[in-house]
1. So how far, in whole Å, is the C-alpha centre of the stretch 304-382 from the one of the stretch 205-284?
2. Testing the spin-label approximation: label points 7 Å from Cα along Cα→Cβ at residue 205 and residue 72. State their distance in nm.
3. Starting from the Cα of residue 303, step 7 Å toward the Cβ, then list every residue of the stretch 325-356 with an amide N under 14 Å from that point.
4. Listing 50, 34, 114 from the residue with the fewest other Cβ atoms within 10 Å to the one with the most, what is the order?
5. Classify the stretch 148-200: rounded, prolate or oblate, from the alpha-carbon gyration tensor (a ≥ b ≥ c, eigenvalue square roots; a/c under 1.5 rounded; otherwise prolate if a/b is larger than b/c)?
6. Pairs of alpha-carbon atoms within less than 8 angstrom and 6+ residues apart define the contacts here; what relative contact order does the stretch 1-103 have, in percent?
7. Relative contact order of the chain: what whole-number percent is it, with Cα pairs under 8 angstrom and at least 6 residues apart?
8. What is the distance, in nm, between label points placed 7 Å from the Cα along the Cα-to-Cβ direction at residue 9 and at residue 31?
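Laboratory data are not the source of any read-out in this text; all were calculated from the coordinates shown. Every value quoted in this text rests on a predicted model; they were computed, and no experiment measured them. So basically every Cβ, Gly included, is an ideal-geometry build from the backbone, and we count neighbours across all protein chains shown.
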């Protein structure tokens, strides 16, 4: 039976202009999930399974509507524990995966929030469940079951206090090996797109939906109506951030993921300030599998829509949340895929500042500007001096943050203007 999904409008973030405000996407989602818990109280057909990370991922608003399920006697000072609670929280990803699979097969619904770096613990279980979904869809008498929904938070780009051990975006790559009818991968760039994405995922059946979102407060980009349209399309040009005059661009700056979106827009802002004659188009991808050709994935964009976003021969600098190979995998079958220069996580990191982590993987705003000037048509020599200036500035920032232990305010506090 479909979930009784509450309206998301009361929980939407007001965005007066792109790049304003400081809001936690998962905290915003948590308030909506609290309403969902209340809306499903009578039927009790929705649960959250979570490996001891509900509050650390800023979803604690859910506990206003329900408790953690617990049946053993507990001390009087224990918080949010009850035999009838609908949050099942234990530090075992295997256990959570098994709980949710079994729960879905009873005809009910659920959500699995998890740290991004540790969800690969259930790789083998996901493999088997994906095979089950494929075969189940081919059996006429089987009723469709609700989708298995993952919400991956605590993404590696902001794990300053945990460092290298908490950096691992490879779950995306695993899903790319599964049947295209089953898997979906979403990287909402802000709170409103996360609300729209999660509402969509919880209404689907016979799928494995992977949603990746940040928990730390950050700037917001889209109003709720804009987020609705962006998630529906899966990808789109952001004209307010572009400087191509709605014409042919010299270079496309594309991004997928909340932190890559910030760095890409900061790069577009810097290039507009320092090199206004360079024609830049900014493209944001929320549904990763729209990049695939339509004959490889049901969400794949048509050739016409793909070219409307990325051009025909235009160089594309793609700042990606995970491993660059995932984007190249999606682009297989597109014409001229070599014009896509994908930047992403390349296993460089330690316990350091956010900017240092980005720069060490070559995905900082300065690195994106340098790559854009190198690759943009007709700009390899024209932009050489500016590229060197960006490189010097990047290296100076890295030297200074290693001395102070913090990023400069003009980077950490940057907003679109």
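1. Value for the Cα centre distance between the two parts: 13 Å.
2. Those two pseudo-labels are separated by 3.9 nm.
3. 333-337, by backbone N distance to the label point.
4. Numbers: 50 27, 34 20, 114 24.
In increasing order of surrounding Cβ atoms, one gets 34, 114, 50.
5. Details: a/c = 3.05, a/b = 1.29, b/c = 2.36.
Oblate shape, in that a/c is at least 1.5 and b/c is the bigger or equal ratio.
6. On the way: 127 pairs, mean separation 26.9, N = 103.
Relative contact order of the stretch 1-103: 26 percent.
7. Details: 832 pairs, mean separation 63.1, N = 417.
Here the relative contact order equals 15 percent.
8. The two pseudo-label positions are separated by 1.6 nm.
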